[in-house]
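What follows is calculated from the coordinates using simple rules that are stated; it is not laboratory data. In this text the structure is predicted, and so the values were computed from the model without any measurement. Virtual Cβ from ideal backbone geometry, glycine too; neighbours counted across all protein chains shown.
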Amino acid sequence: MKRIACLFSGLFFMLVVSLSQSNETILQIGEHEFTKGEFWHVYNKNKHLPNFTETPLEFAERFIDYKLKVVEAIHQGLDTTASFKREFNQYAEDLKASFLIDSAALENKSRQAFLHMQGIVNASHILIRVEEMATPSDTVKAWNKINDLRTRVHAGESFGDLATRYSEDPSAVNNQGKLGYFSAFRMVYPFEKAAFATPVGEVSNIIRTNFGYHIIKVHEKIPNPGRIRVAHIMKMFPRNASDEVKAGFKTEIDSIYQVLRGGESFAQLAAKHSDDQNSANNGGEMRPFTLQEMVPEFAFASFALENDGDISEPVLTDFGWHIIKRLEITSIGDYASNRNNIMNMMRRDGRNRTGEISFVQQKRKESNFYLNQDLVDLMKSKASGETDNSSFFSSLSNNDGLLYSYFDKKMSLKEFVLSLKNHQTFNIQTGFNSVEKILDELIHETIIAVERRDMAKNNPEFRYLVNEYHDGLLIFEISNNEVWQNVGSDTLALQNHYRNNIDEFSTPYQLDGVICEVKTRRLVRRVNREINRQGSDFLVQILKDNSRSPDCYWCETGLFEFVSDASNPLNSVKLPDGNRFSKINGDLYWAGVILEPQPIPYREILGHVMSSYQRYKEKQWVIGLREKHVPEFNFNLLKN
């Protein structure tokens, strides 16, 4: 045990030392200090970017310049404006929310939702209503009732008949409790979870939702075919139409179907004959739908079509006869393509709170949280013996004992009883469950509030991210004021910059001629002989003529710039000598004329001039900031 204790204390000491070292000041600009930890955080983020090659020493110069701009922005009061505070505070609060969750728990819930999205369930249910804060006697009464119905189903009675007679879902009288087809996010989460977990043909365990107690019978499970876009031609008949009336419409739809089989345009026939006025003028095209969003007969007939452009035989629904043409089908896709949408839907139906609840549960297990179980047991015993709120309150309202604490936040039993008095939904007749529910809510709120308050102090990752956003906002604003603003309208300054840096705005050295890659030196000797015989004025043509030789890989004619470009034959090549035919790189040979750089007209290159002038202004500005604020950088900390 001593060895383990020594090991633990050693590890703890190393952790403390590591944290203290990361908080060492690496850069000081006046009263503003920036830590070694922040420097390495920013450097390591940049290190993973493409084409990043800077050493820590080189990066330090950019870090200094970056922080100089931040300090100057603060010096000018840009961090005190209402617009800055509003945007920064909103970002900080939104960012805190992402740190107040158990990411693993939330991810598991998201993946479970995607698993449910891949299937569709056809089910029925029986509901016995009970309020969330019902009294114990009402809760037991409802549970006994639903349990009795489940027992009768298992004994062989018809689920549908029992739903019609006993379910407290108003629609069950007409549909025998049938819910039809549904996938993820169509039902409240506990119901969805139970439906997907129950095997086909079986009845679920009793589940509770905010509506009450349910049992679910699963009739069918099928893969989710995705979303489909179709067009249709419809012959509509009145509800409750007789078989004779339906037969008359069947004759009409059959004749249209025969015309379609003869090759007539579906869109034209829909416009002429379809009774669905919402789609007829659009060639019969309907909005895309999923299997569960459409009446089953129409949906299954649509998804049964195998290829885009396929046309169904006439299909009967409660609304009429249809001929359906498949236009396009879209599969669900993989998890990555659905994740953002799943997270949004989880946010809307409340199941994303799983991440926050799990986070709080973890914090409740840590030593910084204390719950007085003796006082909890005292409340439980009082709750079982009282029948009205006032008696329960008076029995506990003078107890100053500490009920729970989290860091510096504490609540006594007396304070908790006061909060119960102010809680509109509290009713002691519901028993200890309502007390426990409100206590859990208060503990949850306390832990979240403390974690929000202390996040910048306790969480380096949050601190770095929020500082990045803070600095980025300030740098954007001050750079706009000092560098970017009015550059385009300062014509005189731009023209002077153009004249003073004319080399930057000129063409590079160029070769006007031909470049060939040769296989053998025999071709080079042959070209030289031809130049000697015909003269150098004909060398381009001579080289082109010889490009057909088996000794030549390829030849290219035109203007070639002496610039670094991987696609350029003259990439990183030094200017050749004055000869009009020579070797330039490996097996590359050129012939032609070297053109001197020429200034590019001002108006043709104005965008480049503006960008260059902005860089010039920024460089001069930073030089001034270094003189004004005199940064002190501890380069020794880069060695550790």
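Were the residues from residue 377 through residue 268 laid out at 0.36 nm apart, the gain over their Cα-Cα distance would be 31.6 nm. To the nearest 0.05, how large is the calculated FRET efficiency for residue 398 and residue 368 if R₀ is 25 Å and r is the Cβ-Cβ distance? Approximately 0.30, to the nearest 0.05. On a straight-distance basis, which aspartates and glutamates could pair with residue 409 in a cross-link, Cα separation under 18 angstrom, same-chain partners fewer than 8 positions away excluded? Those aspartates and glutamates meeting the cut-off are 366, 400, 440, 441, 445, 451, 454.
Hey, could you grab the Kirkwood Rh for segment 197-239? Inverse mean 1/r over distinct alpha carbon pairs, Å, one decimal.
Taking the inverse mean of 1/r over all distinct Cα pairs, segment 197-239 comes out at 14.6 Å.
For the residue pairs 69/639; 109/193; 45/85; 47/639; 178/217; 145/217, the C-alpha atoms sit more than 20 angstrom apart in 69/639; 45/85. In this simple spin-label model, placing a label point 7 Å from the Cα along the Cα-to-Cβ direction at both residue 456 and residue 99 gives a separation of 1.0 nm. Sequence-ordered 3J(HN,Hα) estimates for segment 490-500 from the Karplus curve with 6.51, -1.76 and 1.60 and θ = phi - 60° stand at 8, 4, 4, 5, 5, 5, 5, 5, 4, 5, 6 Hz, glycine and proline given as x. Averaging over all projection directions, the Cα-based convex hull of the chain occupies 53.7 nm² in the image plane. Would you please give the FRET efficiency between residue 295 and residue 341, computed as 1/(1 + (r/R0)^6) with r the Cβ-Cβ distance and R0 = 35 Å, to the nearest 0.05? So, using R0 = 35 Å, E works out to roughly 0.90.
In order along segment 225-240, the Karplus-derived 3J(HN,Hα) couplings, from 6.51 cos²θ - 1.76 cosθ + 1.60 at θ = phi - 60°, round to x, x, 10, 10, 10, 9, 10, 9, 10, 10, 10, 8, 10, x, 4, 6 Hz, and Gly and Pro are given as x. Across segment 68-84, rounded Karplus estimates of 3J(HN,Hα) from the backbone phi angles (6.51 cos²θ - 1.76 cosθ + 1.60, θ = phi - 60°) give 4, 5, 4, 4, 5, 4, 5, 4, 7, x, 5, 7, 9, 6, 4, 5, 5 Hz, Gly and Pro being marked x. Each residue, residue 28 and residue 188, gets one label point 7 Å from its Cα in the Cβ direction; the gap between the two is 6.1 nm. Between residue 502 and residue 545, the C-beta separation translates, for a Förster distance of 41 Å, into a calculated FRET efficiency of about 0.55.
Normalised by the number of residues in the chain, what is the relative contact order in percent for Cα pairs under 8 Å and 6+ residues apart?
Numbers: 862 pairs, mean separation 90.5, N = 640.
Worked out over the chain, it gives 14 percent.
The alpha carbons of segment 351-402 stretch over 38, 28, 15 Å along the principal axes, in descending order.
Quick one: work out Rg over Rh on the C-alpha atoms of segment 119-223, Rh as Kirkwood radius. Mind showing how you got there, number by number?
Values: Rg = 13.0 Å, Rh = 13.7 Å.
Checking Rg against Rh, the ratio lands at 0.95.
Subtracting the Cα-Cα distance of residue 441 and residue 464 from 0.36 nm times their residue separation leaves 5.2 nm of extension gain.
Is the shape of segment 239-286 best called rounded, prolate or oblate, per the rule: a/c under 1.5 gives rounded, else a/b larger than b/c gives prolate, else oblate, with a ≥ b ≥ c the square roots of the Cα gyration tensor eigenvalues? Here segment 239-286 falls in the oblate category. Placing pseudo-labels 7 Å out from each Cα toward the beta carbon at residue 557 and residue 616 gives an inter-label distance of 4.1 nm.
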